[in-house]
Amino acid sequence: MDRERKKPPDSLFEVAVMAALPHPLTYRFPASLPVSPGQRVLVPLATRKAMGIVLGPASKLAPGIEVRDALRALDPEPALPAELVRLGIWISDYYLAPPGEVFRAMLPLRQETRRARQVRLTEEGRSKLQELTASQPEESDQDAALLAYLDRRPDASFEILQSKFPDACRRALEQKWMSIEEVNKGRSRRQVFAVRLAGPLPEHLPRLSPVAKRIIEALEHQGPAEDHRPLLVAVRAQLANLRKLGEAGLIALSEAGWRGASSGLRERDAPATAGETPAPQLTCAQTAVLADLFPRLDSGSFGVVLLHGVTGSGKTEIYLHLIAHCLERGRSAIMLVPEIALTPAMQSLFFSRFGDKVALLHSGLTERERDDAWWRVRHGQAKVVLGTRSAVFAPVVNLGVVIVDEEHDSSYKQDETPRYHGRDVAVVRAQYAGALALLGSATPSLESYWNAREGKYQLLKLEDRIGGRKLASVDVVDMRQEFRETHTQMPLSRKLKEEIDAQLRASAQTMLLLNRRGYSWFLLCRSCGETQRCVNCSVSLTYHRREHRLSCHYCGYSMAVPALCPACGSEYLHYVGEGTEKIEHKFAELFPGARVARLDRDVARRRGEFLRVLQDFRQGKIDVLVGTQLIAKGHDFPGVTLVGVVSADIGLGLPDFRAAERTFQLVTQVAGRAGRGDAPGRVLVQTFYPEHYAIRLAADQNYAGFFSKEMGFRRMMHYPPITALANIVAQHPKLERAAQVAEMIGKFFTKVESQFPAIKVLGPGPAPLAKVERRYRIQFLLKSNSRANLHALLKQLVQHATQSGIQPRDVMIDVDPVKLM
Ligand code: ADP
Ligand code: ZN
Ligand code: ZN
C-alpha cells in the first residue's frame with residue numbers, strides 16, 4: 001500500500017451524534033475501522049466522546065472544513081437494520097428533531113462495553129488525607145475535598161473528578177496520591193443498589209431539590225426498592241442524587257450485587273393465565289374482516305387498514321389471527337397498545353397463543369430486560385413484539401404487519417423530543433417494510449377516519465358486539481337540574497346513587513369514571529382567595545389524602561399541607577373539587593359495606609397493587625371500581641353492568657381544539673366497558689352540558705354523527721385534519737429570555753411571511769400553561785393548508801434559531817400536536 005495515497009472519499013460518513021445537534025456530523029473512518037449504516041460508534045465531540053449512529057456515506061464537504069476521526073465501533077454488527085436507519089432519518093426530518101435524539105429514543109440500549117478510567121487513592125494519598133483532615137490548612141481545601149471524595153468512592157471516574165476538582169486532580173497525580181486504571185466495564189458487571197428510607201422522616205425536612213423530593217416520595221409511597229435503576233427511571237434521577245441523599249442520612253443505599261448475564265423473561269410477565277383462553281370460533285363478521293386482510297398481508301405490499309369496530313366487537317381476535325397468519329408466512333409482527341400496564345390480559349393472550357416467540361417492549365422494563373428483549377428481536381428469535389409507543393422501533397426481521405390498537409389514544413404521541421406519534425410512525429414503518437398497517441379503534445381519531453374517507457386508508461367495520469350483545473344504554477343526568485332541586489353540590493347524583501345501590505343489592509359490578517386523580521383539585525383560602533400553586537409550574541397543586549400532601553401533576557413537586565394560608569394567615573382553607581381518591585373515600589360513608597377500589601396513575605405506580613386490583617375486580621372481589629381514564633381503556637370485565645361517569649365535563653372546558661373529540665372518545669370508551677358479559681349494561685353520564693354534541697352523540701354511541709359534526713367545526717376553524725398544525729413554544733427559566741426568544745421567532749415569521757402565504761401564524765401569546773417545570777412558555781401556533789409549506793418553514797426556523805444562537809432546548813417544536821396545553 002502506498003502510504004502517501006489520499007484516503008478514499010467514501011471513508012467519510014455522516015453520524016447522528018447523540019446530542020442536541022440539529023444535523024448529523026461528518027467523521028472520517030480510517031481503513032482500519034470499517035463501518036456500515038446502523039452501526040453504533042464512538043466519536044469525539046468538542047472535548048468529550050459521544051455515541052453516534054452511522055447514517056451513511058457523507059457528501060463532499062466544503063474545502064477548509066476540518067473532519068475528525070471516529071474513535072471506534074461499539075458493536076461488531078450494525079445495531080439498527082437499514083430500514084430503521086431510514087425511519088429515524090424520516091422522523092428527524094418530519095418532526096424537526098435532532099437526529100441524535102431520535103436515534104437515542106429508537107435505540108434504548110446500553111453500550112456493550114465501556115472503557116472507564118477509574119481512580120483510586122494510593123497509600124500516600126491516604127496518609128495525606130489524614131494529615132489534611134487533622135490540620136485543615138485553608139489553601140489545600142481542594143486537595144482535602146478531592147481526597148475525601150475518593151475515599152468515599154473508591155471507583156470514581158477520572159472524567160468526573162477532573163470536572164469537579166481540576167487543579168487538585170493535577171496535583172494529586174503529580175504527588176502520586178491517586179492512581180488511574182483503565183477498566184472495561186463489560187455487560188456483565190453492573191452494580192445494583194437496594195434503596196430505602198434511612199428511618200422515619202424528620203419533622204422538618206432540610207431544603208430538598210425537586211429531584212430529591214421525588215426520590216423520597218417514591219420511597220415513601222412504594223416502599224424500599226430492591227433495584228435502584230427502575231427507581232431512577234421512575235423519578236428521573238441519577239445515581240448521584242441517591243448518593244447525595246445517602247450522605248445526608250435520609251436514605252440508605254446498600255449493594256444488592258452485580259446484575260449478571262441473561263435473565264430472560266420476567267416471571268411477572270409470564271403467562272399467568274396461559275391456556276385459560278382457547279381461541280374461540282370466529283364469527284361471520286370476524287371471518288369477513290380477516291378474508292379481506294389476509295390477501296393484503298400476502299400481497300407483500302404496503303397498505304393501511306382502519307378497523308372501526310364498536311366496543312366488544314372482537315377486534316383482539318382479529319389481531320391475533322392476523323399475527324398467526326403472519327408467522328405462518330415466516331414474517332414478523334408488531335402490536336402497539338397505549339399502555340401495557342393496563343393490559344395484563346393482552347399479555348397472557350399473546351403468551352398463550354405465541355409462546356416464546358413473543359417479546360415485550362415497554363417502559364416498565366429494567367434496562368437489562370429491555371436489552372435482552374431487544375436483541376432477541378434483532379436476532380430474529382422473537383417474531384412477535386407487543387409493546388407501547390416505542391415498540392414501533394422494534395428491530396424485527398421481515399415485518400409483515402404492524403397493529404396499532406386503540407389508535408385514537410393520545411398516549412401514542414410522545415411529549416418530549418422527539419415528539420413523534422407512534423401511530424403515524426407505524427404507518428411509515430410499514431411503508432418502508434412493504435407491510436400492512438392495521439389501526440383499530442371503536443372511536444377512531446378524526447385524522448384516521450378522514451384518511452379512510454379520502455381513500456388513503458381502507459376502512460373495515462365490525463358493527464356489532466360479539467354474541468349479539470347490545471351496546472349499553474346510556475342516560476344523561478343533568479347536573480344543573482340536580483343542583484336546582486337539591487341545592488347541594490354532591491359528586492354523585494340521586495339517580496346514580498340509586499343505581500349503585502341497586503347494583504350492590506344485586507351483587508353486580510360497577511365502574512365509576514372520574515378523570516381526575518387525587519383527593520381535591522386544589523386548596524383555596526376562603527379569606528383571601530389564594531390557591532396553593534406549584535413553585536415550578538403555573539398550576540394549582542392537587543391534594544392527595546393518602547400522603548396528606550399537595551402535589552403538582554406536571555412536575556411532581558409536592559409540599560406539606562399548610563395549616564394556615566401562607567398568604568394571609570387565615571385558617572379557613574377549603575378543599576375544592578373532587579378527585580378519584582375523594583370518591584373512593586366518600587364511598588364508604590355512602591355505601592357502608594361496599595367493596596370499593598381505585599385505579600389511577602397513583603395506584604399504577606405501585607405495580608403489584610395495580611395488578612392485584614385488576615385481578616380482584618375480574619374475580620368479583622370488588623363491587624365498585626373508581627378510576628380515571630385508565631379504567632376506560634380496552635378492558636374486558638364481563639361482570640360490569642353499570643358504568644357511571646361522575647363528571648364528563650372536565651376536559652370540555654380546556655382551551656384545546658381536541659377537547660370535544662377527547663370527551664366523546666372517553667365517554668364512548670367507558671360506556672363500552674358495560675354489558676360485555678351476558679347481562680346487558682347501563683351507563684349514567686353526569687354532566688353540566690347535557691346538550692353538548694360530544695356528550696349527546698357519545699350517549700347515542702353515534703360515531704358517524706360525531707365525525708361529521710366535529711369535522712364541520714375543524715373545517716370552519718382550520719384545524720386538523722383539514723390543516724396541518726405545529727406548535728412552537730419559546731421556553732426558558734428566565735421570563736426575559738423566553739420573551740426575547742419569542743420575539744426573535746416572531747420577527748423571523750414576519751420576515752418570511754410573504755414566502756409562505758398558505759401559513760397562518762397565531763401568537764405569540766402565553767401558552768395555556770404559562771410555566772412548566774420552571775420554564776416560562778410563550779407559544780405560536782402555525783396552521784397551514786400545505787404540509788410541504790409548513791415543513792419548509794419549520795426547517796428554516798430551525799436553521800435561523802441555530803444561527804441566532806438559540807439553544808435547541810429553548811424552542812420546542814411540536815408537529816401535529818395532540819395537546820396544546
Ligand atoms: P374489542 O377489543 O373490540 O372491544 P374484544 O376483542 O375485547 O373486543 O372482544 C370482546 C369479548 O368477546 C372478549 O371477551 C372476547 O374474548 C370475546 N370474543 C371475541 N371473539 C369471539 C368469538 N369469535 N367468539 C366468542 N367470543 C369472542
Ligand atoms: Zn389566605
Ligand atoms: Zn409543577
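Readers should treat all values here as calculations from the given coordinates under stated rules, not as data from a laboratory. Here the structure is a predicted model, which means the values were calculated and not measured. FYI the Cβ positions are ideal-geometry reconstructions off the backbone, even for glycines, and counts take in every protein chain you see.
Along the charge dipole of the chain, which of Gly651, Met511, Asn727 sits closest to the positive end, that is, farthest toward it, with unit charges on the beta carbon of Lys, Arg, Asp and Glu (+1, +1, -1, -1)? Farthest towards the positive end: Asn727. Using 30 Å as the Cα-Cα cut-off, could you pick out the over-long pairs in Lys213/Lys621; Lys315/Lys357; Lys470/Lys633? Distance filter (> 30 Å) returns Lys213/Lys621.
For Leu336, what charge total do you get from the other residues with a beta carbon under 11 Å from its beta carbon, if Lys and Arg give +1 and Asp and Glu give -1? Charge balance near Leu336 sits at -2. For the range 417-483 and the range 635-695, what is the centre-to-centre distance using only Cα atoms, to the nearest Å? Each part's Cα centre sits 16 Å from the other's. In straight-distance terms, cross-link reach from Lys497 covers every one of the aspartates and glutamates whose alpha-carbon lies under 15 Å from its own, apart from those fewer than eight places away in the same chain; here that gives Asp475, Asp478, Glu482, Glu584, Glu589, Asp623. Relative to the longest principal axis of the Cα atoms of the chain, the long axis of helix 787-803 lies at roughly 30 degrees. Computed from Cα positions, the angle between helix 141-152 and the longest principal axis of the chain comes to roughly 60 degrees. Is the range 332-443 rounded, prolate or oblate when judged by the Cα gyration tensor, a ≥ b ≥ c being the square roots of its eigenvalues, rounded requiring a/c under 1.5 and prolate requiring a/b larger than b/c? Verdict is rounded for the range 332-443. Shape class of the range 566-702 from the alpha-carbon gyration tensor: oblate, with a/c at 1.5 or above and b/c at least as large as a/b. The residue among Ala739, Ala148, Thr531 whose Cα reaches farthest toward the positive pole of the charge dipole of the chain, with charges on the beta-carbon of Lys, Arg, Asp and Glu, is Ala739.
For the chain, a Kirkwood radius taken over Cα pairs fed into Stokes-Einstein (37 °C, viscosity 0.692 mPa s) yields D = 111 µm²/s.
Computed about the Cα centre, the dipole magnitude for the chain is approximately 820 debye when only Lys and Arg (+1) and Asp and Glu (-1) carry charge, each at its Cβ. Remark: the range 409-513 carries a charge dipole of roughly 220 debye about the Cα centre, counting +1 on each Lys and Arg Cβ and -1 on each Asp and Glu Cβ. With the gyration tensor restricted to C-alpha atoms of the range 27-97, the semi-axes of the equivalent ellipsoid amount to 20, 17, 12 Å, longest first.
Set the Förster distance to 60 Å, then compute FRET efficiency between Thr488 and Ile466 from the Cβ-Cβ distance, nearest 0.05.
Values: r = 42 Å, r/R0 = 0.70.
Computed FRET efficiency for Thr488 and Ile466: 0.90.
Can you give the FRET efficiency for Asp678 and Asn398, using 1/(1 + (r/R0)^6), R0 = 51 Å, r = Cβ-Cβ distance, to the nearest 0.05? The value I calculate is 0.75. Sorting 707-714, 579-586, 773-780 by their mean Cβ neighbour count within 10 Å, with the most densely packed peptide first, gives 579-586, 773-780, 707-714.
Decide, for the range 722-813, between rounded, prolate and oblate: order the square roots of the alpha carbon gyration tensor eigenvalues as a ≥ b ≥ c, take rounded if a/c falls under 1.5, and otherwise choose prolate if a/b is larger than b/c, else oblate.
Working: a/c = 2.10, a/b = 1.53, b/c = 1.38.
Prolate, since a/c reaches 1.5 and a/b exceeds b/c.
Against the main long axis of the alpha-carbon atoms of the chain, helix 422-433 sits at an angle near 70°.
What ranking, highest mean first, results for peptides 757-763, 787-793 when packing means the other Cβ atoms within 10 Å averaged over each residue?
Details: 757-763: 15.6, 787-793: 17.1.
Descending mean neighbour count gives 787-793, 757-763.
When shorter helices are ignored and each DSSP H run of at least 4 residues is given -39500 (n - 2.57), the per-residue value for the chain at 222 nm works out to -10500 deg cm²/dmol.
Sorting the segments 21-34, 73-86 by their residues' average number of neighbouring beta-carbon atoms within 10 angstrom, most packed first, yields 73-86, 21-34.
Across the options Gly681, Ala20, Gly593, the greatest Cα extent toward the positive end of the charge dipole of the chain (unit charges at beta carbon of Lys, Arg, Asp, Glu) belongs to Ala20. Here Lys819 and Asp292 are evaluated by their C-beta separation; at R0 = 41 Å the FRET efficiency comes out at 0.75.
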